[in-house]
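Asker: Please find one structure pasted underneath; my questions will follow.
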Amino acid sequence: MTRTGGSRRQRGLRRTEQILEAAEELVAAVGVAAVGMNALARHAGVSPGTLYQYFPHKRAVVDALLRRLAADLPARTVRDGRTDPAPEAAVAEMLEEVAALAERRPALLSLLRGAEPQDEPNVLLRTLSTSLTGIPGCADEADEFTARILVQGVTVALRCADPDARARVLARTREAILAGAVVRDGRRRRATA
């Protein structure tokens with residue numbers, strides 16, 4: 001690659017990062033639905049034409065932001081096939097890690113909550129769902145539902161100013177996730193109780 005081609009590529013990567021940083025800030029401030037392409041261009045300090053060169057529509061921006069945040073999930077949250085601790089400990093660890101990431105990156109919960117049930121699950125929900133299916137005792141079926149329980153629990157927990165209240169909410173969320181899955185006859189099935 002020529003030197004000019006390499007520097008052009010670097011500028012493009014920096015511009016993409018600049019736009020995604022601005023998108024993350026806006027989503028955290030006003031939510032996914034309220035972010036428009038013109039407002040994003042202004043916030044990123046680029047012209048609308050430049051923005052559309054990098055992202056042809058809002059969905060492309062949101063998808064890139066979702067991939068970016070999914071990549072930032074702590075390594076222990078994204079299960080790698082290793083032997084996991086007890087289901088209770090694994091789910092509790094995941095809840096704490098997602099809550100910590102959401103505190104550092106406020107757009108995370110806005111993006112997760114922005115996924116409507118009729119929509120295809122976004123990459124972030126799929127990443128969380130995959131992580132949950134790697135935990136013994138969590139059902140393989142209905143994993144998106146379980147991931148949505150996790151999102152709602154973390155959302156409520158982060159609204160708690162009192163650390164004890166936050167811990168109680170996360171504990172109840174863990175219980176709800178685990179109560180939805182039982183192991184019977186060596187197979188994972190949904191609980192009926």
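The values are calculated or read from the model by the stated rules, or taken from the named source; none is laboratory data. Quick caveat, the model's predicted, so the values are computed rather than measured. Here the Cβ positions follow ideal geometry from the backbone for every residue, glycine too, while neighbour counts run over all protein chains shown. Areas reflect the complete protein model, heavy atoms only, side chains present, ligands, DNA and RNA absent. Shrake-Rupley method; radii C 1.70, N 1.55, O 1.52, S 1.80 Å.
Asker: Kindly state which helices (runs of 4 or more DSSP H) lie completely within segment 1-74 and contain at least 3 residues that are closer than 22 Å to PRO106 by Cα.
Answerer: Fully inside segment 1-74 and qualifying: 3-30, 37-44, 58-71.
Asker: Anything in segment 22-35 that is open to solvent by less than 30 Å² (accessible area, probe 1.4 Å) and not aliphatic (A, V, I, L, M)? List them, or say none.
Answerer: GLU24, GLY31
Asker: Are any residues in segment 176-193 surrounded by 14 or more Cβ atoms within 10 Å (Cβ to Cβ) and modelled with pLDDT of 50 or more, and if so, which ones?
Answerer: Within segment 176-193, ALA176, ILE177, LEU178, GLY180, ALA181 meet the criteria.
Asker: Let me ask something additional. Cβ-Cβ under 7 Å, sequence separation 6+ or interchain: first residue in segment 25-54 and farther than 18 Å from ALA102 by Cβ and at pLDDT 95 or above, partner among the polar types (S, T, N, Q) and open to solvent by less than 80 Å² (accessible area, probe 1.4 Å). Which pairs?
Answerer: ALA41/SER47; ALA44/GLN18; TYR54/THR16
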